[in-house]
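Report on one structure; see the data block that follows.
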Amino acid sequence: MDIQISQSFLKDTLQKLVQINSVNPDLDSHAPGEQEIGSLIARILEDLGLEPEVETLKPGRVNVTAVVKGSSNGRSLMINGHMDTVGVGNMKEPFSGAVSDGRLYGRGAMDMKGGLAAALSMVKALMDNHIQLAGDLVLAFVADEEYASTGTERLVERYQTDAAIVTEPTGLDICTAHKGFGLFEFTTTGRAAHGSQPEEGIDANKHMGWIMRELDQMSRKLEAVSPHALLGVPSLHFPVIKGGTEPFTYAEKCRMKVERRTLPGEKKKEMLSELTAVIRRLSEQSDTFQAEVKPILWRNAYEIDQKNQIVTALIDSVKEATGRAPSYIGHPWWEDSGLLAEAGMDTVIIGPKGSGLHTKEEWVDIRSVKDLAQILVQAALNFCT
Ligand SMILES: [Zn+2]
C-alpha cells in the first residue's frame, strides 16, 4: 500500500515544535516545561480527528496521550517520545527552527522533536488514508525524560501495549540495548581535631581515599570484562567529593558520589552488596575506619532479543520504507525504553539522523524525519495485526 507522508505538514510541525521552549525546569529553574508544547501537540491530534488527553503531573508538566482504536483484538503498539529538552547553554538561537541544506536547527531538533514530528506525521498519514489497524495504536508524548522520567513512570501506570517504539535519535538504525546506571553516596566519618594533634584526629578524607583505591581497582576489573556486543564494558567514576571544613583541622566528614554505568542483567541489590563489602573489608583493617554507603538513584540497563517480533517487524518496515537494511546499535546512555520494558512492553528504539545532542548546535536531518514517519506507518501496519 502506498501511503504518502505529507512533507509540508511534517516540516511545519517540526518547526513549530522546535520553536516552543520546552526545556526541563528540573535542569534549569527558569525553564517552562511541557505545558505549551503539550497544548500544541494536543491541538494537532484533535485536528487529525483524535481525542487527546492532557494529563497534568504537576504545574507546567504534562503528558499528552491519544489512542487510535483498533478494529479487533490485534496487537497493540505504543509510539513514545519525550517533549522536554535539556537546557540551551550558550546556544545563539536555540528556538529558531531555521532550515538550511535539509537540516532543521534548534534545541531539541534531534533530541527529540524530530521523533515527535515523525509520530504526528505517521498519525496524519493513517487518518488521511482511513487506515484501520486491527490493534490499538497509543501515541504517548511524555514529560521529564531528561531528568527523572516522571512522565513515562506515570504513563506505564495507565497504558500497557504489546510493544513500544521510542523515537529517540538513532540515525534510522535500530537500537536494541542501552546501558543503565546507579548513583551511590559514600560517607566516611572521622573525628575533628587540630592539625597538631594526630592522636586526637581521625581523617575522614584519608579514609575516603582508601575507598577510592578499592573502587579504582574495581573499575579496572570492569574495563577488563568481556564486552557486550553493542554496549562495550561497564564503568565507574567519582563525580563529586566533598570533605573537611578548613585547613589545620582533621576532616570529620567526607561524602563522595559514585556513578556506575551498567550492562543488561546487573542488579541494584548486587551492586550495593559489592560496595558494602568494600566498607566491611576496610573496617576489618582499621579500628577507626567508619563509613556507610547508600543508593541515590538506579535505572536498569535494557536489552531486547533481536528475534523479538517488534524488532523483526521494524527491520522489515525500514527495508520497505527506505530500501535499506538497518544496523543494530546500542546506546551508552539510559532512555525511557528501560521503564517501558520493565513494565512488560517489548520496546525498541528508532529515530532520525542529526547532530549536536546536548551541545550548542543541534540539528535534525528533515529527510530522515520523513523516512522515520514512513517507517512508523509501515511498522504499525506490520505489527498491529
Ligand atoms: Zn532524548
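Picking from residues in region 318-335 that are in a loop (DSSP other than H, G, I, E, B) and either modelled with pLDDT under 95 or within 16 Å of the ligand (Cβ to nearest atom) (or both), the one that is surrounded by the most Cβ atoms within 10 Å (Cβ to Cβ) is Glu335.
Could you list, in sequence order, all residues of region 342-367 that are part of a helix (DSSP H, G or I) and surrounded by fewer than 23 Cβ atoms within 10 Å (Cβ to Cβ)?
Looking only at region 342-367, we keep the residues that are part of a helix (DSSP H, G or I), and these are 342, 366-367.
Answer for region 342-367, where residues must be part of a helix (DSSP H, G or I) and surrounded by fewer than 23 Cβ atoms within 10 Å (Cβ to Cβ): Glu342, Arg367.
Screening Glu246 on (1) outside any strand (DSSP E or B); (2) surrounded by 12 or more Cβ atoms within 10 Å (Cβ to Cβ) shows it passes everything except condition (2). Among the residues making up region 71-84, none is of a type in the set (Gly, Ala, Ser), in contact with a helix residue (DSSP H, G or I) (Cβ under 6 Å, 6 or more places away or on another chain) and either assigned to a loop (DSSP other than H, G, I, E, B) or away from the ligand (no atom under 15 Å from the Cβ) (or both). Screening region 85-200 for strands (runs of 3 or more DSSP E) wholly inside it with 1 or more residues that are more than 14 Å from the ligand (Cβ to nearest atom) and among the aromatic types (Phe, Trp, Tyr) returns the ranges 103-105, 180-189.
For beta carbons closer than 7 Å, sequence separation of 6+ or different chains, a first residue in region 146-173 that is in the same structural domain as Lys319 (by TED's automatic domain parsing) and farther than 15 Å from Met78 by Cβ and a second that is within 16 Å of the ligand (Cβ to nearest atom) and basic (Lys, Arg), the qualifying pairs are Gly171/Lys353; Leu172/Lys353. The requirement of being under 25 Å from Ile310 (Cα atoms), surrounded by fewer than 22 Cβ atoms within 10 Å (Cβ to Cβ) and not aromatic (Phe, Trp, Tyr) is satisfied by Glu153. Could you please let me know if Asp216 is in contact (Cβ under 8 Å) with a residue 40 or more places away in the chain and surrounded by fewer than 21 Cβ atoms within 10 Å (Cβ to Cβ)? In short, no. Scanning region 28-64 for residues that are among the charged types (D, E, K, R) and either surrounded by fewer than 19 Cβ atoms within 10 Å (Cβ to Cβ) or not assigned by TED's automatic domain parsing to the domain that holds Gly108 (or both) turns up Asp28, Glu36, Arg43, Glu46, Asp47, Glu51, Glu53, Glu55, Lys58.
Rundown of residues vs (1) over 30 Å from Asp305 (Cα atoms); (2) in the same structural domain as Gln197 (by TED's automatic domain parsing); (3) charged (D, E, K, R), yes/no style:
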{"residue": "Gly209", "(1), (2), (3)": "yes, yes, no"}
{"residue": "His228", "(1), (2), (3)": "no, yes, no"}
{"residue": "Lys242", "(1), (2), (3)": "yes, yes, yes"}
{"residue": "Glu259", "(1), (2), (3)": "no, yes, yes"}
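Each residue in region 252-307 was checked for being aliphatic (A, V, I, L, M), out of contact with any Lys or Arg (no Cβ under 9 Å at 6 or more places or on another chain), part of a helix (DSSP H, G or I) and surrounded by 13 or more Cβ atoms within 10 Å (Cβ to Cβ), and 3 pass.
Please go through region 132-155 and give me each residue that is at positive phi and of a type in the set (D, E, K, R), ordered by number. Full working, then the answer.
Restricting attention to region 132-155, the residues satisfying the condition of being at positive phi are 144, 149.
Within region 132-155, just Asp144 meets the criteria.
Scanning region 222-235 for residues that are over 20 Å from Ile329 (Cβ atoms) and surrounded by 12 or more Cβ atoms within 10 Å (Cβ to Cβ) returns Leu222, Glu223.
Report yes if some residue within region 16-26 is without any contact (Cβ under 8 Å) to a residue 40 or more places away in the chain and in the same structural domain as Val156 (by TED's automatic domain parsing); otherwise report no. Even if it seems obvious, please write down each step before you answer.
Applying the first criterion (without any contact (Cβ under 8 Å) to a residue 40 or more places away in the chain) to region 16-26 yields 25.
Restricting the remaining residues to those that are in the same structural domain as Val156 (by TED's automatic domain parsing) gives 25.
Yes, region 16-26 contains a residue that is without any contact (Cβ under 8 Å) to a residue 40 or more places away in the chain and in the same structural domain as Val156 (by TED's automatic domain parsing).
The values are calculated or read from the model by the stated rules, or taken from the named source; none is laboratory data. Predicted model only: the values in this text are computed from it and were never measured. Neighbour counts are summed over all protein chains in view; Cβ atoms, including those assigned to glycine, are modelled from backbone coordinates with ideal geometry.
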